[in-house]
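Q: I'd like to ask you about the structure that follows.
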Amino acid sequence: ETTEGLTTIRAFRHEPRFKQRMLELTDTNNVAYLFLSAANRWLEVRTDYVGAFIVLTAAVASISNTSSSGLVGLGLLYALTITNYLNWVVRNLADMEVQMGAVKKVNSFLNMESENYEGTVDISQVPKDWPQEGEIKIENLCVRYENNLKPVLKHVKAYIKPGQKVGICGRTGSGKSSLSLAFFRMVDIFDGRIIIDGIDIAKLPLDLLRSRLSIILQDPILFSGSIRFNLDPECKCTDDTLWEALEIAQLKNMV
């Protein structure tokens, strides 16, 4: 993404920030690689001990055995190769365990229930300027990310008057972001409801709900493409509307 956005990065003169970020990520990756190399060396030493013990056992067994020297030599030769196979088996088992995480994630996507895109309220029943007043009622809201996980929000109740500005404070993991995602139905609302200007958002078609609400993310996202595409990906606005939006955001002089 950074490579595709080089033109944008240079246009806004953010090369030092991205360079510093790259160095930080490189250091983080090197720390993980250092621990991986140390773990591999530790594993090789232990498997060498196991292999040496197996060779010693084979040698001792051959002394008291009446087999021919050729069979004894063949047995010791195979015993010497066990160490390499031990390393290969252990590493592949560890790699398989890591890769099974991706398989488990894909399996969870396959078993995931589809979102209710249609809703129970017809689009014609929703006012074109909804939400206009901004009255929000949160009634006994319970939210979770998956059916088999514990709720992240339990029995939340709140009332926000039209035009009122509200700040939500809390430590990391207290559910601030989860509450924001609940307004867009991006998490499972298994109990309670959110009512905006007299309409339960759970009954609205999903595309209508998400097209009428807006959110400013903690980490900004800039898609590859033109500024127009980032401002209006569905190509519904005119140039005058986009220029007006840029002027309100005090970005007109930078475009």
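The values are calculated or read from the model by the stated rules, or taken from the named source; none is laboratory data. As the structure is a computational prediction, the values presented were derived from the model and not from experiment. Note that we place each Cβ from the backbone using ideal geometry, even for glycine, and neighbour counts take in every protein chain shown.
A quick yes/no check of all residues on (1) part of a helix (DSSP H, G or I); (2) in contact with a strand residue (DSSP E or B) (Cβ under 9 Å, 6 or more places away or on another chain); (3) among the acidic types (Asp, Glu); (4) closer than 30 Å to residue 179 by Cβ:
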position	(1), (2), (3), (4)
51	yes, no, no, no
60	yes, no, no, no
71	yes, no, no, no
114	no, no, no, yes
121	no, yes, no, yes
151	no, yes, no, yes
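Q: Can you tell me which condition residue 93 does not meet? The list is (1) within 26 Å of the chain's Cα centre (by Cα); (2) at pLDDT below 80; (3) closer than 30 Å to residue 148 by Cβ; (4) not basic (Lys, Arg), and all the others hold.
A: (2)
Q: Tell me, please, whether a residue that is of a type in the set (Val, Ile, Thr), touching a helix residue (DSSP H, G or I) at 6+ places or on another chain (Cβ under 6 Å) and over 22 Å from residue 38 (Cα atoms) can be found in the stretch 57-65.
A: The answer is no; no qualifying residue exists.
Q: Filter the stretch 149-183 for residues that are of a type in the set (S, T, N, Q) and more than 18 Å from the chain's Cα centre (by Cα); which is modelled with the highest pLDDT?
A: Residue satisfying both the conditions and the ranking: 164.
Q: Considering only residues of the stretch 101-141 that are modelled with pLDDT of 90 or more and closer than 20 Å to residue 206 by Cβ, which is surrounded by the most Cβ atoms within 10 Å (Cβ to Cβ)?
A: Result: 141.
Q: If you don't mind, another one. Provide a single number: the residues in the stretch 1-38 that are among the aliphatic types (A, V, I, L, M), surrounded by 11 or more Cβ atoms within 10 Å (Cβ to Cβ) and modelled with pLDDT of 85 or more.
A: 1
Q: It is to be established whether one or more residues within the stretch 187-196 are buried (at least 16 other Cβ atoms within 10 Å of the Cβ), aromatic (Phe, Trp, Tyr) and free of Cβ contacts under 8 Å to residues at least 60 places away in the same chain.
A: no
Q: How many of the residues in the stretch 184-235 are under 26 Å from residue 6 (Cβ atoms), charged (D, E, K, R) and at pLDDT below 85?
A: The total comes to 1.
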